[in-house]
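To start, the structure itself, in structure tokens.
The values are calculated or read from the model by the stated rules, or taken from the named source; none is laboratory data. What you are looking at is a predicted structure, and each value in this text was computed from that prediction instead of being measured. Cβ placement follows ideal geometry from the backbone for every residue including glycine, while neighbour counts extend to all protein chains displayed.
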Amino acid sequence: GAVVSQHPSRVICKSGTSVKIECRSLDFQATTMFWYRQFPKQSLMLMATSNEGSKATYEQGVEKDKFLINHASLTLSTLTVTSAHPEDSSFYICSARNRMNTEAFFGQGTRLTVV
Amino acid sequence: KQEVTQIPAALSVPEGENLVLNCSFTDSAIYNLQWFRQDPGKGLTSLLLIQSSQREQTSGRLNASLDKSSGRSTLYIAASQPGDSATYLCAVTPSGSRLTFGEGTQLTVNP
């Protein structure tokens with residue numbers, strides 16, 4: 001299947017700093033990318049949907065100024081957690097679909113810990 | 001609003017047993033359904049994708065079925081192995097491109 005690479009896999013940052021997470025589709029063009037957040041022993045919660053070249057669509061309750069999403073190219077989307085707080089500590093996963101919009105492929109996830 | 005339910009929430013079986021995981025969804029107007037596997041602290045690995053026009057898909061020891069009219073899908077795992085231990089998630093794609101996930105079934109296969 002197609003490969004989606006997410007980086008970094010783990011990051012620890014101090015409160016008040018910003019952290020950028022990258023999501024790349026390695027062997028296909030991803031017209032749509034999704035960012036999820038997952039709490040321990042829970043399923044994935046969709047945060048936002050990004051389409052290449054346009055603004056991301058955020059789910060209700062997700063602060064767009066805190067979770068900045070950029071989808072500048074067909075192979076790269078980034079999520080920046082701004083002014084991070086300990087409650088932002090979580091597992092973040094990206095997903096991508098190709099132009100045919102069929103199967104969804106997921107990155108390896110990023111474990112963010114804010115201290 | 002589409003809702004996806006997975007039963008059971010957790011399952012523990014001895015090695016070699018055949019098992020069935022269940023997934024149900026409330027809105028039958030889906031584009032496709034996917035089964036994923038998630039190991040602890042990892043991302044999701046796509047196992048099987050069933051298009052809305054299909055009834056089942058098979059890959060190795062895995063077989064997934066889809067009954068759109070009743071809003072159900074099953075994932076059958078034959079001859080289970082300890083390496084199959086993971087959380088299994090089903091997700092449906094309604095119209096558009098976003099996925100709606102179930103809560104998952106945590107499977108433990110004991111040697």
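Picking from residues in region B:28-41 that are surrounded by 17 or more Cβ atoms within 10 Å (Cβ to Cβ) and facing chain A (nearest Cβ under 7 Å), the one that is nearest to the chain's Cα centre (by Cα) is B:34.
Checking each residue in region B:57-109 for being assigned to a loop (DSSP other than H, G, I, E, B), buried (at least 20 other Cβ atoms within 10 Å of the Cβ) and within 14 Å of chain A (Cβ to nearest Cβ) picks out B:99, B:102, B:104. When the residues of region A:86-115 are filtered to those that are farther than 16 Å from residue A:10 by Cα and in a loop (DSSP other than H, G, I, E, B), the one that is modelled with the lowest pLDDT is A:101.
Looking at A:30, A:56, A:48, can you tell me which residue is under 30 Å from residue B:10 (Cα atoms) and surrounded by 12 or more Cβ atoms within 10 Å (Cβ to Cβ)? A:48 is the lone residue from the list that is under 30 Å from residue B:10 (Cα atoms) and surrounded by 12 or more Cβ atoms within 10 Å (Cβ to Cβ). Listed by first and then second residue, the pairs with beta-carbon distance under 6 Å, at least 6 apart or on different chains, first residue in region A:28-40 and within 9 Å of chain B (Cβ to nearest Cβ) and within 23 Å of residue A:111 (Cα to Cα), second among the polar types (S, T, N, Q) and surrounded by fewer than 24 Cβ atoms within 10 Å (Cβ to Cβ), are A:32/A:51; A:32/B:97; A:34/A:49.
Among the residues of region B:1-11, just one is assigned to a strand (DSSP E or B) and surrounded by fewer than 12 Cβ atoms within 10 Å (Cβ to Cβ), namely B:10. Checked against (1) assigned to a loop (DSSP other than H, G, I, E, B); (2) more than 14 Å from chain A (Cβ to nearest Cβ), residue B:54 passes all but condition (2).
Between A:74, A:112, A:44, the distinction of being within 27 Å of residue B:4 (Cβ to Cβ), touching a residue at least 40 places away in the same chain (Cβ under 8 Å) and away from chain B (no Cβ under 11 Å) belongs to A:112 only. Of all residues in region A:42-64, those satisfying the criterion of being farther than 17 Å from residue A:108 by Cα, part of a loop (DSSP other than H, G, I, E, B) and at pLDDT below 90 are A:52, A:53, A:54, A:55.
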